[in-house]
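Values quoted throughout were computed directly from the atomic coordinates according to the rules given, and no laboratory measurement underlies them. No experiment lies behind these values; they were computed from the predicted model shown. In this analysis, Cβ positions are derived from the backbone assuming ideal geometry, glycine residues included, and neighbour counts consider all displayed protein chains.
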Amino acid sequence: MRDQLTSARHGIRTAPRRPQMGSVRVRQLVTLTAVSAFFVLLVAGGAASALSITTAAITLPEVTLNGTDQTISGTTTAWRVDANGETGGWNVTVSSGSFTNGGSGTIDVSNFEVRLLDADIVLVSGDPTVPGSTQTTFAALSATPLKIASAASGTGNGVYDLTPSFRLTVPAEVVTGSFSATLTVLVSAGP
């Protein structure tokens, strides 16, 4: 007989599995998902623009705990930056808190990493000078915003899709429970 996983809207779900008759092995299943939020920061002065970003959830695969730290890859669909009318450049930053289960369980935010390859920044419409990535290798997230993309002044007047990659190291000693973290994505005027 096995314990049933309870459904959770977002986050990590873990549940111990009871061994079958004659077995002494206990497995734990970890299900991971991250929630993203977006914000827009406009700098006063100059011509008004419609600077905005639309994000998507980050999907992380299930993990069966095996007594060792495990690193898994997360995926998301494209995040759309609408920078029509923005001629002074712009940038995108990402920050996050630690994953918590509402009790004593925590997966430190330093285990959650992001990167954005230049090939994953695509022109949808507008200025053909595609913004560049400022984070082409995986870097740990924190509460401090990490710049992942930038359009130089005089470029980036258009709509662009960004598709960052994520990875999370799940510690071997993670406790069972439902974990969640909020990712904050900010698009700001200026390179």
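Brief remarks on what is shown
- Residue within the range 128-135 that is in contact with a Pro (Cβ under 6 Å, 6 or more places away or on another chain) and either farther than 18 Å from Thr54 by Cα or polar (S, T, N, Q) (or both) present: no
- Matching residues, the range 140-191, being without any contact (Cβ under 8 Å) to a residue 60 or more places away in the chain and among the acidic types (Asp, Glu): Glu173
- Within the range 95-113, one or more residues are within 13 Å of the chain's Cα centre (by Cα), under 18 Å from Pro171 (Cα atoms) and among the acidic types (Asp, Glu).
- Every condition in (1) free of Cβ contacts under 8 Å to residues at least 24 places away in the same chain; (2) more than 26 Å from Ser180 (Cα to Cα) holds for Thr137 except the one numbered (2).
- Close pairs from the range 92-116: first within 13 Å of Ala143 (Cβ to Cβ), partner surrounded by fewer than 19 Cβ atoms within 10 Å (Cβ to Cβ) and of a type in the set (D, E, K, R), Cβ under 6 Å, at least 6 apart: Thr93/Lys147; Ser98/Asp108
- Leading residue by the ranking (farthest from Phe112 (Cα to Cα)) among those in the range 131-162 that are buried (at least 20 other Cβ atoms within 10 Å of the Cβ) and of a type in the set (A, V, I, L, M): Ala151
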